[in-house]
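The values are calculated or read from the model by the stated rules, or taken from the named source; none is laboratory data. Being a predicted model, the structure only gives us computed values, none of them experimental. All Cβ positions, glycine included, derive from the backbone under ideal geometry; neighbour counts span all protein chains shown. Ligands, DNA and RNA are excluded from the accessible area calculation, which covers all protein heavy atoms including side chains. Shrake-Rupley method; radii C 1.70, N 1.55, O 1.52, S 1.80 Å.
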Number of protein chains: 2
Amino acid sequence: MPPEKHPPAEMFEENFDLRDGLLTLKGPLVELRRRLDALFREWATIVGAVEYSFPPVMSVSSLATADYFSSFPHLVTLVSRIDPSEGSVERFVSSARHSSLEQIGKEHLAAARYVLPSAACYAVYIDFRGRQLEEDLFITLLSPCFRHETGYEAGRRQWAFHMREIVCVGSEGSVQYFLGTYREFLKGKMREAGLPFTVAEATDPFFDKRDPRRIIQRLEPLKHEFLFNGSLAIASVNFHRNFFGERFRIRDRTGMVAYSGCVAFGLERWLFACTQQFGPDWNLWPAPLKPSPSAATT
Amino acid sequence: MPPEKHPPAEMFEENFDLRDGLLTLKGPLVELRRRLDALFREWATIVGAVEYSFPPVMSVSSLATADYFSSFPHLVTLVSRIDPSEGSVERFVSSARHSSLEQIGKEHLAAARYVLPSAACYAVYIDFRGRQLEEDLFITLLSPCFRHETGYEAGRRQWAFHMREIVCVGSEGSVQYFLGTYREFLKGKMREAGLPFTVAEATDPFFDKRDPRRIIQRLEPLKHEFLFNGSLAIASVNFHRNFFGERFRIRDRTGMVAYSGCVAFGLERWLFACTQQFGPDWNLWPAPLKPSPSAATT
């Protein structure tokens with residue numbers, strides 16, 4: 001593994017500020033992250049992906065359909081509220097009024113009905129639940145994502161971060177072709193850009209550990225991760241087989257259970273990798289990492 | 001109140017899709033919302049505002065400092081997780097495994113330590129807590145915001161939406177000048193654009209209803225709302241006096257408790273208003289609502 005280049009220390013201290021797993025970005029870094037996102041949207045035009053903006057929360061019931069809670073119970077970030085039933089809000093307010101509140105005890109909470117998701121593309125399968133597709137689906141979306149981890153590091157691992165995805169839902173052949181296209185496309189772009197990377201076949205986070213489907217992935221790689229400097233996964237290309245199609249009853253245009261796959265970019269990790277490699281000055285970034293001027297405004 | 005123009009019905013049905021208070025946008029509407037945000041960022045350059053990206057959640061303890069929970073207990077959206085203590089996760093997983101999960105009962109939840117905020121600018125006062133400013137502070141930020149309401153309407157009122165703000169923290173005179181400047185600027189821009197609007201002096205949501213400060217606002221307007229077609233608040237200009245400066249111990253450069261004020265834009269409401277008024281075709285939108293090409297890429 002080659003030694004990592006480091007941008008000036010004050011840039012990380014002042015502009016790449018992590019506290020309790022939560023990142024604050026300042027000034028040019030906010031703009032650089034936006035331009036990286038514009039670049040990934042431009043890359044999504046290869047397959048003519050339509051952009052969606054889904055809600056930032058997903059229902060417990062829809063994610064339970066995908067074994068979400070039995071697969072990653074530690075990771076899950078839940079959404080709740082003060083119990084709105086008769087008298088509860090008043091009890092909470094009087095208990096909270098004269099204390100310096102550090103947390104709100106579960107006795108005051110309503111049951112959690114929503115989740116801040118750990119990955120963007122669940123929203124697609126939820127939205128197309130029960131549908132038969134007229135043609136292969138290509139969607140791009142950006143989502144805040146949340147993962148409780150045991151440790152955090154600025155730019156590399158946050159509780160809250162942003163994920164841009166390009167998703168394909170359709171026949172097995174269409175999804176395999178989509179994933180193969182992006183694997184080669186990303187290798188080419190990263191080579192041209194001079195971003196040092198390796199590609200690793202990785203374990204897949206979509207399926208329950210106790211699920212027999214886990215055995216399949218030992219035979220057939222379902223996930224390819226693009227590792228910056230051999231260690232930081234900045235992009236991944238994922239094949240879900242027909243797992244989501246089956247769970248969300250999505251059929252391809254021939255009536256078969258749909259297959260799906262996605263290409264995912266962690267925006268803060270790309271920001272970290274690109275500023276490490278090329279510095280914070282956008283003008284010094286290589287052309288393959290810059291969206292065309294028309295893409296940046298569309 | 002003049003009659004409202006309506007874009008083609010299928011646009012609202014397919015692309016402006018509200019379920020359970022949560023909005024899904026599709027295709028060109030996502031891009032239009034992004035361009036509106038670029039416009040507001042351009043408007044923030046008038047005062048040389050620096051852009052920040054703050055975490056999407058704020059701690060319970062920091063918002064309690066601003067009377068958040070006693071002021072709006074019904075509105076609050078809380079963040080929790082499966083109780084991570086010994087045995088709890090296992091108990092949850094075995095209870096969840098064989099049921100179609102609709103919600104996660106409070107018995108499985110950890111106390112809530114974080115909030116999905118109802119307005120963007122709290123993050124600024126939290127971040128500058130305890131600081132003495134070397135000069136007046138001008139910051140712009142975009143934040144997902146969450147408000148539990150009794151009813152929702154696509155584009156007009158959502159549980160989750162986006163707010164772009166321009167914030168000034170500093171001396172009373174600086175903040176008053178900032179707010180006056182933007183009140184006139186917005187009137188000018190909206191007139192030039194041909195967006196029908198009125199300005200209303202409104203009650204202020206930042207202070208506890210039982211707080212004596214509420215009396216002040218009856219004498220002196222603290223909030224000006226820009227109402228599209230006489231009813232939909234698409235922007236507001238807010239004076240907080242030294243409420244946040246006091247609570248978060250922020251001092252201006254002279255050592256006095258800092259004053260603050262903000263200009264807030266609800267992105268989905270602007271999207272609604274502009275598509276109602278000018279249609280979904282960006283090319284037909286008036287020039288004052290388009291960011292300059294350089295701003296759109298910066």
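Under a plain spin-label model, where a point goes 7 Å from the Cα along Cα-to-Cβ, how far apart in nm are B:THR181 and A:ARG131?
4.6
Just the accessible area for B:ASP127, please: 1.4 Å probe, Å², rounded to the nearest 10?
Its accessible surface works out to 30 Å², give or take rounding.
Roughly speaking, what is the centre-to-centre gap between region B:61-126 and region A:62-124 when only Cα atoms are used, to the nearest Å?
4
What ratio of Cα Rg to 2.2 N^0.38 Å holds for the protein assembly as shown? Before the final figure, lay out each step's value.
Values: Rg = 24.0 Å, N = 596, 2.2 N^0.38 = 24.9 Å.
Scaled against compact globular proteins, the figure is 0.96.
How many angstrom separate the Cα center of region A:249-297 from the Cα center of region A:156-177?
10
Can you list, shortest first in nanometers, how far A:THR198 lies from the same residue in the other copies, with each label 7 Å from Cα toward Cβ?
6.8
For A:THR150 paired with A:GLU102, estimate the spin-label separation in nm (one decimal), with each label point 7 Å from Cα along the Cα-to-Cβ line.
Placing both labels 7 Å beyond Cα along the Cβ direction yields 2.4 nm.
Please report the antiparallel percentage of the DSSP beta bridges confined to the protein assembly as shown, to the nearest 5.
Values: 102 of 110 bridges.
Taking every DSSP beta bridge within the protein assembly as shown, about 95 percent pair in antiparallel fashion.
Using the Cα centre of chain A as the reference point, and only Cβ charges (+1 on K/R, -1 on D/E), how large is the resulting charge dipole? Debye, rounded to the nearest 20. Can you show the working numbers first?
Details: 35 positive and 36 negative charges, 82 e Å.
In total the dipole reaches around 400 debye.
How large is the charge dipole for the protein assembly as shown, taken about the Cα centre, if only the Cβ atoms of Lys, Arg (+1) and Asp, Glu (-1) carry charge, to the nearest 20 debye?
On the way: 70 positive and 72 negative charges, 47 e Å.
That gives the protein assembly as shown a dipole magnitude of about 220 debye.
Calculate, for B:SER292 and A:VAL50, the FRET efficiency according to 1/(1 + (r/R0)^6) with r their C-beta to C-beta distance and R0 41 Å; round to the nearest 0.05. Don't skip to the answer; put the middle values down first.
Numbers: r = 27 Å, r/R0 = 0.67.
With R0 = 41 Å, the Cβ-Cβ based efficiency is 0.90.
Quantify how strongly other chains surround peptide A:62-68 by giving the mean number of their Cβ atoms within 10 Å of each of its Cβ atoms. All intermediate terms of the calculation are to be shown ahead of the outcome.
Details: counts 1, 1, 7, 2, 0, 2, 2.
Mean shielding count: 2.
Can you give the accessible area of B:LEU284 in Å² (nearest 10), computed on protein heavy atoms with a 1.4 Å probe?
Ignoring ligands and nucleic acids, B:LEU284 comes out at about 120 Å².
Between the label point of A:SER61 and that of the same position in each other copy, find the distances and list them shortest first in nm, with every label point placed 7 Å from Cα along the Cα-to-C-beta direction.
Going from nearest to farthest copy, the values are 3.8 nm.
Rank these by accessible area, largest first, 1.4 Å probe: B:THR275, B:THR150.
Working: B:THR275 0, B:THR150 160 Å².
Greatest to least solvent exposure: B:THR150, B:THR275.
One decimal, nm, shortest first: give the distances between the label point of A:GLN176 and those of the same position in the other copies, each label point 7 Å from Cα along Cα→Cβ.
7.3
On a 1.4 Å probe surface of the protein chains, which of A:TRP282, B:TRP285 comes out largest in accessible area, and what is the full order? Before the final figure, lay out the partial values.
Details: A:TRP282 50, B:TRP285 10 Å².
I get A:TRP282, B:TRP285, largest accessible area first.
Would you kindly state the longest site-free stretch of chain A, with sites defined as GluC sites (Glu not before Pro) in a DSSP loop (not H, G, I, E, B) surrounded by at most 10 other Cβ atoms within 10 Å?
Longest site-free region, per DSSP loop and neighbour criteria: A:136-298.
Taking a ≥ b ≥ c as the square roots of the Cα gyration tensor eigenvalues, with a/c under 1.5 meaning rounded and otherwise prolate when a/b beats b/c, else oblate, which class fits chain A? Mind showing how you got there, number by number?
Working: a/c = 1.82, a/b = 1.12, b/c = 1.62.
In terms of gyration-tensor shape, oblate.
Sort B:HIS162, A:HIS240, A:HIS224 from largest to smallest accessible area, using a 1.4 Å probe on the heavy atoms of the protein chains. Before the final figure, lay out the partial values.
Details: B:HIS162 50, A:HIS240 0, A:HIS224 25 Å².
Descending order: B:HIS162, A:HIS224, A:HIS240.
For each pair in A:LYS189/A:LYS223; A:LYS26/B:LYS187; A:LYS26/A:LYS106, compute the distance between the two Cα atoms and list the pairs where it is over 23 Å. It would help to have the intermediate numbers written out before the result.
Values: A:LYS189/A:LYS223 19 Å; A:LYS26/B:LYS187 30 Å; A:LYS26/A:LYS106 35 Å.
Correct reply: A:LYS26/B:LYS187; A:LYS26/A:LYS106.
With all protein chains present, calculate the accessible area of A:PHE197 using a 1.4 Å probe and round the result to the nearest 10 Å².
50
Choose one of B:PHE265, B:SER292, B:GLN276: the residue whose Cα lies farthest towards the positive end of the charge dipole of region B:237-298 (beta-carbon charges +1 Lys, Arg; -1 Asp, Glu; about the Cα centre).
Ranked along the dipole, the leading option is B:PHE265.
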